[in-house]
Amino acid sequence: MDWDSFYNLLHIKDFIYFISSPQLQDMLFPVKLIFVFFAAFFLIFVVYFMLNSSWLQYKFLEDVTEFFSWQSYGAREMSKQWDKIHKRTASGAESDFKLSIIDADDLLLEVLDNRGYEGDTFEESIKNTSGLLDPMAGDILIAHETRNNIVYNPDYKISEEQAKKILDIYESAAKSVGMG
């Protein structure tokens, strides 16, 4: 069986001749124009919103920043925030230690959220890291418990050594997640 007989059997040639006939093309011309106008309208619509949206600029900026800095996007800003937290502890005041721990806890939670490890509670966010933080999960939860004691108990005391240890836990957790 050759192709011509196969086409004749399915009437494909007749169908092709019908849809390419000048009479049908003349009848479909207004419909074609309508679809061309819709396509042009939606193309203009998409281009307009892409240019006015910050998403494209953000994606471009993210790629360029990563390329030239050899660091993941946001790593420099995250490093600045950790430096700020560490500088606050240099004062030696217990109140600064407490504020640093609260800031470090908030920063770790922000990093987890940015990486998609969200949860209703801090503990759920840690558990949602797919085992990434399992080796240090206990330490992180103890550090978070210390943070809660600081927040809810104004008389809670903390030494400089404890504060630095807790800050190191938070920082290493943030680096493990990939934003430090």
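The values are calculated or read from the model by the stated rules, or taken from the named source; none is laboratory data. All of these numbers come straight from a predicted model, not from anything done at the bench. FYI the Cβ positions are ideal-geometry reconstructions off the backbone, even for glycines, and counts take in every protein chain you see.
Observations
- Here Ser100 does not qualify as in the same structural domain as Ile85 (by TED's automatic domain parsing), hydroxyl-bearing (Ser, Thr, Tyr) and over 16 Å from Ile166 (Cα atoms).
- Cβ-Cβ under 7 Å pairs, at least 6 apart or on other chains, region 132-156 side closer than 18 Å to Asp106 by Cβ, far side of a type in the set (Lys, Arg): Ile150/Lys98
A quick yes/no check of all residues on (1) under 30 Å from Glu171 (Cβ atoms); (2) at pLDDT 80 or above; (3) among the polar types (S, T, N, Q):
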{"site": "Phe15", "(1), (2), (3)": "no, yes, no"}
{"site": "Phe29", "(1), (2), (3)": "no, yes, no"}
{"site": "Ala40", "(1), (2), (3)": "no, yes, no"}
{"site": "Phe49", "(1), (2), (3)": "no, yes, no"}
{"site": "Trp55", "(1), (2), (3)": "no, no, no"}
{"site": "Glu94", "(1), (2), (3)": "yes, yes, no"}
{"site": "Asp103", "(1), (2), (3)": "yes, yes, no"}
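- Only helices (runs of 4 or more DSSP H) whose full extent lies in region 76-180 are considered here, and the ones with at least 1 residues that are in contact with a Ser or Thr (Cβ under 7 Å, 6 or more places away or on another chain) and of a type in the set (A, V, I, L, M, F, W, C) are 94-114, 160-177.
- Taking first residues from region 36-55 that are without any contact (Cβ under 8 Å) to a residue 60 or more places away in the chain and partners that are assigned to a helix (DSSP H, G or I), the Cβ contacts under 7 Å between residues at least 6 apart in sequence or on separate chains come to Met50/Leu56.
- The lone exception for Leu133 - which of (1) at pLDDT 80 or above; (2) surrounded by 14 or more Cβ atoms within 10 Å (Cβ to Cβ) it fails: (1)
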